[in-house]
Amino acid sequence: MTTIAMDPSVQVALVTAGGTVIVALVGVAVELLRRQAGALAEVRENAAEARDQVANTHSTNLRDDLDHLRGDVREVLRVLARHTEEIGGLREDLRLERRERLAISTRLEDHITNDAA
């Protein structure tokens, strides 16, 4: 096995740099854990206060917002169904009008043909 000889000042510099990096990484890990603990405490606090719901930045409760939105969607579907029925009625009226117009046109052509003969 080959060993590399290093000057003692280089060894001290490497140990110091390595120690600094390790301390910085430990500091970052501690900060991340502190933030996670704060977020978890907020979730627990809100779950206990608000019917097992997590915190959000909205001024209203998300579950209540969704319930309101569900009612709005039902109203839109009801209006859409009514419009569909009305459009179906209009289409039927147009079909009837076309049939009557064609019948009148046919009778007029027959009348003109009979008078010309």
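The values are calculated or read from the model by the stated rules, or taken from the named source; none is laboratory data. Bear in mind that the values here come from a model prediction, so they are computed numbers and not experimental data. Surface areas here come from the heavy atoms of the whole protein model, side chains and all, with no ligands, DNA or RNA. Shrake-Rupley method; radii C 1.70, N 1.55, O 1.52, S 1.80 Å.
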field: Extended-chain gain in nm, criterion 0.36 nm per residue less alpha-carbon gap, Leu69 and Val15
entry: 13.3 nm
statement: Using a 1.4 Å probe on heavy atoms of the protein chains only, the accessible area for Glu75 in Å², nearest 10, reads 90
- prompt: What accessible area, in Å² to the nearest ten, does a 1.4 Å probe give for Ser9?
  reply: 70
message: Taking the full set of protein chains and a 1.4 angstrom probe, give the accessible area of Val43 in square angstrom, rounded to the nearest 10.
response: 60
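Using a 1.4 Å probe and counting only protein heavy atoms, arrange His68, His83 so the residue with the most accessible area comes first. Display every interim value, and only then the final one.
Details: His68 125, His83 80 Å².
Accessible-area ranking of His68, His83, largest first: His68, His83.
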